[in-house]
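I have placed the structure first, in the form of structure tokens, so that the comments after it can refer back to it.
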Amino acid sequence: MNNVLLKKYAKLIVKTGVNLQPGQPLVIVSPIECAYFARVVAELAYQEGASEVTVHWKDELLAKVKFLFAPEKVFEKFPQWEKELYTDSVRAGAAFISIAASDPEILKDVKPDLVAKAQKAASTALAEYREKLMSNQNTWCVVSIPTVAWAKKVFPGMPETEAIEKLWQAILKTVRVDAQDPVVAWDEHKNNLKQKLDFLNTYKFKYLHYKNSLGTDLTVELPENHIWLGGSEYTPGKVEFIANMPTEEVFTVPKRTGVNGTVVSSKPLNYNGNLIENFSLTFKAGKVVDFKAKKGQDVLKNLLANDDGAAYLGEVALVPFDSPISNTNILFYNTLFDENASCHLALGKAYPVCLAGSENMDKDSLIVAGVNDSLVHEDFMVGTKDLEIIGTTAEGAQIPVFKNGNFAI
């Protein structure tokens with residue numbers, strides 16, 4: 001990839017993604033394969049006035065070695081130095097950029113319970129960091145660039161260099177870097193999403209009823225005073241940022257105990273280096289009471305058993321089937337992209353910012369208000385070209401929200 005496009009992408013991430021402020025520290029979480037791009041981002045960040053840029057390198061191959069050969073007890077703990085890196089940085093007001101690029105099946109030969117132990121230890125140790133990001137106390141942005149293993153999974157049978165180039169082209173298009181002025185393109189995109197937000201926030205639906213030919217028949221209750229968000233978000237200090245690049249979704253919080261029926265996945269879920277495919281979840285009074293998966297059953301079981309909140313929903317997100325990412329006809333095996341090609345739900349922790357007045361509520365008050373809490377937050381895709389969603393207002397009026405996979409408005 002040529003340096004002009006790399007710098008154009010990096011500048012978009014720094015200025016529009018996290019909207020880095022002068023004198024603000026920045027933390028970049030990056031796979032070692034993406035070091036060349038992390039360095040470009042760091043350079044742009046310093047040019048924009050970053051006080052310091054810290055890079056936390058991730059090595060998925062070394063992580064696999066650890067899972068295969070280290071003693072099991074090591075996975076019950078999370079490194080103190082790593083906890084302090086995130087906790088100290090978030091307290092210092094740092095912005096966070098995460099490069100999400102991994103081999104979708106890197107841990108397929110690893111015992112699922114070991115991965116679950118490590119995930120739980122990490123989530124517990126980083127609870128304060130996750131809480132601040134999910135309540136928008138700090139600016140953050142998740143982005144991606146190709147890696148060899150990921151590109152070969154997305155484009156099997158294709159020569160390595162060609163697969164990487166094709167994935168680069170797809171990524172740059174979905175994040176609008178191919179536009180003459182990406183910042184202007186993002187402003188237009190945010191305005192388009194705002195139209196959907198205005199519709200949903202005007203009606204304040206009490207229920208959403210999902211149905212499609214895969215077998216989804218699910219009713220999701222939304223709590224009183226819920227708020228639909230999408231596009232850009234704001235910190236308490238009114239700093240605008242975009243948490244995901246790309247993003248095509250509008251989202252809100254479901255009522256913790258108000259989900260009933262069955263939902264069937266429409267795309268594979270890449271969870272901690274394993275794929276969960278062709279799965280369904282059945283809910284009663286908000287909780288998953290039955291589940292099935294043709295692939296990754298044990299991985300799904302461990303996800304749902306992570307803690308008390310993991311078997312409840314924490315997010316409802318709407319994405320039209322006829323969207324830029326969906327229209328690439330590429331299965332990315334990467335949640336950042338696949339969730340923005342499809343309506344999706346998330347198991348686990350909810351975003352408190354999706355409830356009016358949440359900034360004045362503690363965890364117990366949020367639970368009472370219907371906002372789920374958990375150590376995990378895992379999106380999974382449910383949208384299809386025949387998805388129908390009917391919204392029911394507090395007064396009982398029924399209004400089409402989605403028809404034939406797209407917004408009905």
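Which residues, counting only those in segment 110-169, are in contact with a Pro (Cβ under 6 Å, 6 or more places away or on another chain) and free of Cβ contacts under 8 Å to residues at least 24 places away in the same chain?
The answer is ILE164, LEU167.
Conditions tested, residue by residue: (1) modelled with pLDDT of 95 or more; (2) touching a Phe, Trp or Tyr at 6+ places or on another chain (Cβ under 8 Å); (3) not acidic (Asp, Glu).
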position	(1), (2), (3)
GLY348	yes, yes, yes
MET361	no, no, yes
ASP379	yes, no, no
VAL382	yes, yes, yes
ASP386	yes, no, no
ILE389	yes, yes, yes
THR392	yes, yes, yes
GLN398	yes, no, yes
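Can you tell me how many residues within segment 171-193 are buried (at least 18 other Cβ atoms within 10 Å of the Cβ) and not hydroxyl-bearing (Ser, Thr, Tyr)?
Residues flagged as buried (at least 18 other Cβ atoms within 10 Å of the Cβ) and not hydroxyl-bearing (Ser, Thr, Tyr) within segment 171-193 amount to 9.
Which residue out of LYS385, LYS363 is assigned by TED's automatic domain parsing to the domain that holds ASN260 and under 30 Å from PRO146 (Cβ atoms)?
After ruling out the rest, the residue left standing is LYS385.
When you scan segment 4-24, do you find a residue that is over 23 Å from the mean Cα position of the chain (by Cα) and at positive phi, even just one?
Checked segment 4-24: at least one residue is over 23 Å from the mean Cα position of the chain (by Cα) and at positive phi.
List pairs: first residue in segment 383-399 and within 19 Å of GLU339 (Cβ to Cβ), second residue basic (Lys, Arg) and assigned to a loop (DSSP other than H, G, I, E, B) anywhere in the structure, Cβ distance under 9 angstrom, at least six positions apart or on different chains.
That search, which allows pairs on different chains as well, returns GLY383/LYS267.
Only residues that are in contact with a Gly (Cβ under 9 Å, 6 or more places away or on another chain) and farther than 23 Å from VAL41 by Cα: list them for segment 102-122, please.
Hits for segment 102-122 are PRO104, GLU105, ILE106, LEU107, LYS108, VAL110, PRO112, VAL115.
May I ask you to list the residues in segment 377-409 that are of a type in the set (A, V, I, L, M, F, W, C) and under 17 Å from PHE251 (Cβ atoms)?
If the condition is that a residue be of a type in the set (A, V, I, L, M, F, W, C) and under 17 Å from PHE251 (Cβ atoms), then PHE380, MET381, VAL382, LEU387, ILE389, VAL401, PHE402, PHE407, ILE409 are the ones that fit.
Looking only at segment 348-382, how many residues end up being free of Cβ contacts under 8 Å to residues at least 60 places away in the same chain and within 30 Å of VAL299 (Cβ to Cβ)?
Matching residues across segment 348-382 total 3.
From the set of residues in segment 44-60 that are of a type in the set (D, E, K, R) and surrounded by fewer than 16 Cβ atoms within 10 Å (Cβ to Cβ), which is farthest from the chain's Cα centre (by Cα)?
GLU52
Is it true that some residue in segment 174-182 is of a type in the set (A, V, I, L, M), within 12 Å of LEU12 (Cα to Cα), in a helix (DSSP H, G or I) and outside the structural domain of ASP103 (by TED's automatic domain parsing)?
No: zero hits.
Can you confirm whether GLU248 is assigned to a loop (DSSP other than H, G, I, E, B), acidic (Asp, Glu) and either free of Cβ contacts under 8 Å to residues at least 24 places away in the same chain or closer than 30 Å to THR139 by Cβ (or both)?
yes
The values are calculated or read from the model by the stated rules, or taken from the named source; none is laboratory data. For clarity, every value in this text was computed on a predicted model and none was experimentally measured. Here the Cβ is made from the backbone with ideal geometry for all residues, glycine too, and neighbour counts use every protein chain on show.
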